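The values are calculated or read from the model by the stated rules, or taken from the named source; none is laboratory data. On a predicted model such as this, the values are computed, not experimentally measured, just so you know. For neighbour counting, all protein chains shown are included, and Cβ atoms are generated from backbone atoms with ideal geometry for every residue, glycine included. The accessibility values were calculated without ligands, DNA or RNA, using every heavy atom of the protein model including side chains. Shrake-Rupley method; radii C 1.70, N 1.55, O 1.52, S 1.80 Å.
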Amino acid sequence: MRFLVLFLAANLTPEMQVVLDHISVASLRGHLSFIASDLLEGRATPSPGLDLAAEYIASQFRRAGLEPEGDDGYFQTATLMLREPNWEGFHMSVTAGGKTFRVDRSEVYLLPDSPLNLDNAPMLVVESNARPTPDQARDTMVFRSVRELPAGPQVRDPENNFRDVSRNLIAKPELTELLKTGIEARVTLHMAASVERPVKVRNVAGLLRGSDPVLRDTYVLLTAHYDHVGTRASGEDRIYNGANDDGSGTVSVVEIAGALAALDPRPKRSVLFVTFFGEERGLLGSRYYGRHPIVPIAKTIAGLNLEQVGRTDASNGAQIGTASVTGFDFSELPAVVADAGRLAGVKVYKDEQGSDTFFSRSDNQPLADAGVPAHTLCVAFDFPDYHGVGDHWEKIDYANMAKIDDTVALALLHLASDAPPPKWNESNPAAKRYVDAAEKLHR
């Protein structure tokens with residue numbers, strides 16, 4: 001059993017203490033050592049590793065006694081279109097500076113909509129963050145120079161035709177170094193049109209049914225994304241394990257679900273626990289949930305999303321016993337979390353650089369767009385291994401993560417009680433779109 005600071009413990013109710021006693025450092029370490037293991041190969045959307053993670057999360061929801069709330073047990077199933085290159089008949093060569101370079105398919109990333117048949121056409125290579133001029137983009141075949149190519153194919157959501165960004169990329173150092181000098185280059189390229197196929201992906205959802213006969217039909221959501229970015233093409237360590245981003249949020253959802261499920265009686269409101277696919281591809285899983293809510297949006301009083309809650313070695317200094325909530329002044333929900341943090345010994349604050357900026361960049365956004373007060377809680381917005389292969393489970397500060405989870409669990413207890421639901425801040429111009437969405441939702 002872990003004990004909170006004594007002068008704070010006097011403020012804890014027996015119900016709170018039961019929940020806190022079920023949040024375990026060892027349990028969090030055990031969950032994350034699997035979710036972020038090499039076996040899952042970075043949990044790309046889609047991938048066998050992502051499917052393994054989904055099965056594991058579902059097994060933990062089952063173990064906790066949560067009700068399955070998907071269309072297939074604990075799974076809410078979506079269909080994406082996977083767009084891949086067709087290498088049949090591929091040929092590419094570049095002539096520059098009196099030399100001809102043969103470009104192998106492992107050195108280029110192309111997903112053409114229609115067949116490409118170029119012979120000695122003008123070519124331009126720009127740095128990865130540079131923009132060609134309109135004339136250059138129109139008159140030449142533009143490639144971006146990168147160190148390595150994306151490991152996976154492109155994903156398209158057929159419901160809204162959203163697709164992750166596709167560019168013409170080239171990773172051939174001796175050629176791109178030569179082209180940096182501004183020398184004229186011409187390309188011969190023959191490639192078939194890309195091919196698409198449907199793939200199934202899954203959000204994982206479990207419901208802790210409320211105990212109050214009326215309030216049980218209102219809901220609080222706790223969410224995180226369980227995907228990451230997969231693998232890279234080469235290198236001694238090829239796997240982006242994503243322990244902090246967002247394995248830490250995923251296992252926290254699992255752990256807190258088990259802790260609240262231990263209560264008897266259970267909270268008055270129902271709590272839905274969801275882990276999303278495809279956040280790294282553009283919030284695909286949470287946007288799918290927003291279009292196909294498992295529980296009624298109009299009956300959902302709040303949503304709290306967890307991102308990067310395990311690493312304390314933030315780029316702006318150590319973050320021990322602290323957490324930030326995005327959109328801190330947008331609604332009353334962050335104040336609820338801050339009050340819970342005072343009980344758990346965690347300072348919940350507004351990060352002046354990240355709070356508003358990151359509000360729209362995680363899985364709280366689709367709920368907020370629908371009018372539900374929904375925010376993301378984060379410990380380190382940036383850390384040394386962000387989207388790097390070094391984001392391993394051994395680097396997590398599990399004791400600190402358990403304190404963060406204490407805070408989240410206590411906030412959920414308040415939200416799932418008969419306390420008034422949090423509201424958007426009508427006096428904050430930055431929240432106006434969400435105020436308007438809430439009025440429309442409840443009109």
- All positions within region 363-384 that are within 16 Å of Q308 (Cβ to Cβ) and open to solvent by 30 Å² or more (accessible area, probe 1.4 Å): F381, D382, P384
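How many residues, within region 221-241, are part of a loop (DSSP other than H, G, I, E, B) and open to solvent by less than 10 Å² (accessible area, probe 1.4 Å)?
Qualifying residue count for the region: 5.
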- Query: What pairs can you find where one residue is in region 85-98 and closer than 17 Å to L175 by Cβ, the other is open to solvent by 40 Å² or more (accessible area, probe 1.4 Å) and among the acidic types (D, E), and their Cβ atoms are less than 8 Å apart, with a gap of 6+ or different chains?
  - Reply: A96/E184
- Message: So, in region 32-43, how many residues would count as being open to solvent by 20 Å² or more (accessible area, probe 1.4 Å) and of a type outside the set (F, W, Y)?
- Response: 5
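Of the residues D135, D212, which single one is open to solvent by 30 Å² or more (accessible area, probe 1.4 Å) and assigned to a loop (DSSP other than H, G, I, E, B)?
Numbers: D135 fails: assigned to a loop (DSSP other than H, G, I, E, B).
From the options D135, D212, the qualifying one is D212.
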- Considering residues of region 158-209 that are among the β-branched types (V, I, T) and under 23 Å from the mean Cα position of the chain (by Cα) only, the residue most open to solvent (accessible area, probe 1.4 Å): V165
- Note on the structure: A careful count of residues in region 385-420 that are acidic (D, E) and open to solvent by less than 10 Å² (accessible area, probe 1.4 Å) gives 3
- Message: Suppose we filter region 301-332 for residues that are of a type in the set (S, T, N, Q) and more than 15 Å from K403 (Cα to Cα); how many remain?
- Response: 5
- Note on the structure: For region 122-132 the number of residues that are surrounded by 10 or more Cβ atoms within 10 Å (Cβ to Cβ) and not in a strand (DSSP E or B) is 4
- Item | Residue count, region 247-275 (criterion: under 16 Å from the mean Cα position of the chain (by Cα) and under 15 Å from L32 (Cβ atoms)) | 9
- Which residues, taken from region 359-411, are under 27 Å from R433 (Cα atoms), touching an Asp or Glu at 6+ places or on another chain (Cβ under 7 Å) and either assigned to a helix (DSSP H, G or I) or polar (S, T, N, Q) (or both)? S362, T376
- Could you please tell me which pairs satisfy a Cβ distance under 6 Å, a separation of 6+ or placement on different chains, a first residue in region 207-228 that is under 30 Å from R43 (Cα atoms), and a second residue that is open to solvent by 10 Å² or more (accessible area, probe 1.4 Å) and assigned to a loop (DSSP other than H, G, I, E, B)? L207/E69; V220/R269; H228/Y240
- Message: Name the single residue that is farthest from A224 (Cα to Cα) among those in region 45-73 being open to solvent by less than 20 Å² (accessible area, probe 1.4 Å) and part of a loop (DSSP other than H, G, I, E, B).
- Response: L66
- In region 147-170, anything touching a Phe, Trp or Tyr at 6+ places or on another chain (Cβ under 8 Å) and farther than 24 Å from L283 by Cα is listed as I170
- Elements of type helices (runs of 4 or more DSSP H) in region 245-348, at least 1 residues being open to solvent by less than 20 Å² (accessible area, probe 1.4 Å), aliphatic (A, V, I, L, M) and out of contact with any strand residue (DSSP E or B) (no Cβ under 8 Å at 6 or more places or on another chain): 248-261, 333-344
- Message: It is to be established whether one or more residues within region 10-25 are surrounded by fewer than 13 Cβ atoms within 10 Å (Cβ to Cβ) and more than 30 Å from H414 (Cβ to Cβ).
- Response: no
